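First comes the structure, then the notes that go with it.
The values are calculated or read from the model by the stated rules, or taken from the named source; none is laboratory data. Just so we're clear, the structure is a prediction, and the values are computed from it rather than from any experiment. Positions of Cβ are backbone-derived with ideal geometry, glycine not excepted, and every protein chain shown enters the neighbour counts. Just so you know, the surface numbers come from the protein's heavy atoms only, side chains and all, with ligands and any DNA or RNA stripped out. Shrake-Rupley method; radii C 1.70, N 1.55, O 1.52, S 1.80 Å.
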Amino acid sequence: MASVTVFRRDAPVTVLAATTAFGLLLGWATYGLHGVTPLLDRATNSTSTWIIWTAAAGALIRSRQLAIWGGALMMLATCGGYYTASTLGGTFGSGGLGTAAVWSVAGLAGGPLLGWAGWTVRRGQGDIRAVAGAVITMVVLGEGLWFGLSLHYRDDAAAFLAVGALLTALLTAYLARAGVHRYWLCPVLAPMGGLVFHLAEKGILDGLLGSV
């Protein structure tokens, strides 16, 4: 009797292939939509955009381990999609290779963390879910601080801080309804995490990008 291969949406190969494909599309779209409108210009030139989608992908994956691996692959694929589009668009300059390498390394560090955070908020147990929620929102808050304190873009800073505060409130409400006992840890830890993220982005990432 001939064997039959059954397609499973939660099979590891399927999950990782899907996250990789979505990452490629996200990277390509980031390049293509950049500069279309002022709103899209800032949204597509943002660390938060890639990371929030990575957390969302982690929330959709059933296995924690796959969510972590999927986060790493998705961020790498997003970098690959963006810089492939940049190369085809003729904007991949002489320093592009070094910049792509820095963002890829940053993606390998942040992707698994945000994939885990998205999975934990939805499927985890105990108060760690509130901590994971703060991990997600700290990225948006931290980027808002970076726009305001480092670049002095007041309008952009206000927009990102407002979105970060709204996202924190929504996740906190979700965690409270899900029965997380210390759901208040999310709004308490998110601003502190945002400050840490801002300092890391300014002190580490900017330094690496400035050296390439």
Of the residues G96, G71, only one is of a type in the set (G, A, S), surrounded by fewer than 22 Cβ atoms within 10 Å (Cβ to Cβ) and either at pLDDT 95 or above or over 26 Å from A157 (Cα atoms) (or both); which? G96
F7 being farther than 21 Å from M138 by Cβ, at pLDDT 90 or above and either among the aromatic types (F, W, Y) or touching a strand residue (DSSP E or B) at 6+ places or on another chain (Cβ under 8 Å) (or both): no
Hits in the range 25-45 - residues which are at pLDDT 85 or above, open to solvent by 80 Å² or more (accessible area, probe 1.4 Å) and not aromatic (F, W, Y): L25
Here are S86, S48: which of them is more than 12 Å from the chain's Cα centre (by Cα), crowded, with 20+ Cβ neighbours inside 10 Å and either part of a helix (DSSP H, G or I) or at pLDDT below 95 (or both)? S86
Give just the number: which of (1) part of a helix (DSSP H, G or I); (2) open to solvent by 50 Å² or more (accessible area, probe 1.4 Å); (3) without any contact (Cβ under 8 Å) to a residue 60 or more places away in the chain does R122 not satisfy? (3)
If you go through the range 125-134, how many residues are surrounded by fewer than 24 Cβ atoms within 10 Å (Cβ to Cβ) and part of a helix (DSSP H, G or I)? 2
Which of the residues spanning the range 106-119 are in contact with a Leu (Cβ under 8 Å, 6 or more places away or on another chain) and open to solvent by 50 Å² or more (accessible area, probe 1.4 Å)? L108
Of (1) in contact (Cβ under 8 Å) with a residue 12 or more places away in the chain; (2) among the β-branched types (V, I, T); (3) farther than 28 Å from C79 by Cβ, T168 satisfies every one except (3)
Taking V139 as the residue in question, decide whether it is within 16 Å of the chain's Cα centre (by Cα), among the β-branched types (V, I, T), more than 19 Å from S46 (Cα to Cα) and surrounded by 14 or more Cβ atoms within 10 Å (Cβ to Cβ). no
